[in-house]
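The values are calculated or read from the model by the stated rules, or taken from the named source; none is laboratory data. The structure displayed is predicted, hence computed values, not measured ones. Cβ sites come from the backbone with ideal geometry, for glycine too, and all protein chains shown count toward neighbours. Accessible surface areas use protein heavy atoms only, side chains included; no ligands, DNA or RNA. Shrake-Rupley method; radii C 1.70, N 1.55, O 1.52, S 1.80 Å.
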Amino acid sequence: DAGVTQSPTHLIKTRGQHVTLRCSPISGHKSVSWYQQVLGQGPQFIFQYYEKEERGRGNFPDRFSARQFPNYSSELNVNALLLGDSALYLCASSLASGRAGVGELFFGEGSRLTVL
Amino acid sequence: AQSVSQHNHHVILSEAASLELGCNYSYGGTVNLFWYVQYPGQHLQLLLKYFSGDPLVKGIKGFEAEFIKSKFSFNLRKPSVQWSDTAEYFCAVYTGGGNKLTFGTGTQLKVEL
């Protein structure tokens with residue numbers, strides 16, 4: 001079975017540009033979460049969507065937005081890129097939301113964004 | 001807000017040595033605790049988790065962790081490490097709210113032959 005797939009795997013942008021990252025969850029999983037992992041740090045929660053509704057939001061500026069599609073895939077959008085947005089962006093999927101879902105999170109390999 | 005501290009940022013061990021990685025969290029309520037591992041070039045994988053019951057939790061690949069509520073700790077242990085255990089290890093806590101995990105900064109483990 002395919003795991004969580006993310007695209008693109010690597011990308012380079014310049015300050016002020018916009019980026020869209022994509023995530024396909026494991027088949028049957030209805031929840032997608034996004035995390036940002038800056039070099040030398042642990043992953044930091046950005047968003048969670050379950051059944052196309054936002055279920056959680058981390059402490060990130062409004063430049064960050066996300067959505068989930070009817071097929072449960074998801075996009076993370078970041079506007080007006082800053083140098084500090086350079087990071088590995090991780091997507092995680094699960095069957096459920098909340099305590100039941102967080103115990104069975106499956107992570108993708110991430111999209112590495114470099115902002116110049 | 002909850003936080004997770006991993007005090008060992010880099011650990012180097014010889015094969016067959018015993019491992020203990022520290023993890024402390026700051027949250028006074030009910031918590032669920034996790035250890036994740038990230039092997040070089042691979043995705044984050046769940047090693048083990050604590051939800052309730054026996055505070056000594058056994059995970060994959062011979063790892064175990066003990067939840068000590070009075071110390072707000074969830075240390076990871078392995079009696080005898082192997083070269084293939086070289087990886088980055090993350091402790092995480094769940095206190096509620098969607099699927100939000102709060103991760104520590106990670107411990108880079110290098111096992112030498």
Quiz prompt | Percentage relative contact order, chain B, counting C-alpha pairs under 8 Å, at least six apart | solution = 37
Quiz prompt | chain A - percent relative contact order, Cα under 8 Å, separation 6 or more | solution = 36
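If you rank A:R63, A:R22 by how much accessible surface each has, with a 1.4 Å probe, what is the order from largest down?
My answer, sorted largest first, is A:R22, A:R63.
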Exercise. Could you please put A:S73, B:S84, A:S93 in sequence from largest to smallest accessible area, using a 1.4 Å probe?
Key: B:S84, A:S73, A:S93
Quiz item: In the full protein assembly as shown, how much of B:D54 is accessible to a 1.4 Å probe, in Å² to the nearest 10?
Solution: 110
Quiz item: Once amide H atoms are built 1.01 Å from N in the peptide plane, which residues 5 or more positions from A:F47, or in another chain, come under 5 Å H to H?
Solution: A:W34, A:G58
Quiz prompt | Restricting region A:12-73 to GluC sites (Glu not before Pro) in coil, as DSSP defines it, with at most 12 other Cβ within 10 Å | solution = A:E51
Quiz item: Check A:Q17: other-chain or 5+ apart residues with amide H under 5 Å from its amide H, H built from backbone geometry?
Solution: A:L81
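Summed for both chains, how many Å² of accessible area, to the nearest 100, are buried between A and B with a 1.4 Å probe? List each step's numbers first, then the result.
Details: alone 6380 and 6160 Å², together 10750 Å².
About 1800 Å² of accessible surface is lost on pairing.
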Quiz item: Considering every residue in B:91-98, what mean count of other chain Cβ atoms within 10 Å of its Cβ is obtained?
Solution: 5
Practice problem: Would you mind pulling out the separation of the Cα centroids of region A:59-75 and region B:1-77, in Å? | Solution: 30
Self-check item: In sequence order, calculated HN-Hα J values of region B:30-47 (Karplus, 6.51, -1.76, 1.60; Hz; x Gly/Pro)
Solution: 5, 10, 10, 10, 9, 10, 10, 10, 10, 6, x, x, 10, 7, 4, 10, 6, 8
Quiz prompt | HN-Hα J in Hz across region B:83-96 - Karplus 6.51, -1.76, 1.60, θ = phi - 60°, x for Gly and Pro | solution = 3, 6, 7, 4, 4, 9, 10, 10, 9, 9, 10, 10, 10, x
Quiz item: Per-residue accessible area for A:V38 at 1.4 Å probe radius, Å² rounded to 10?
Solution: 50
Quiz prompt | Rounded to 5, percent antiparallel among DSSP beta bridges of chain B | solution = 85
Practice problem: Could you pull the accessible area for A:R112 with a 1.4 Å probe, rounded to 10 Å²? | Solution: 100
Self-check item: A:E109 long-range amide H proximity, modeled H, under 5 Å
Solution: A:Q6
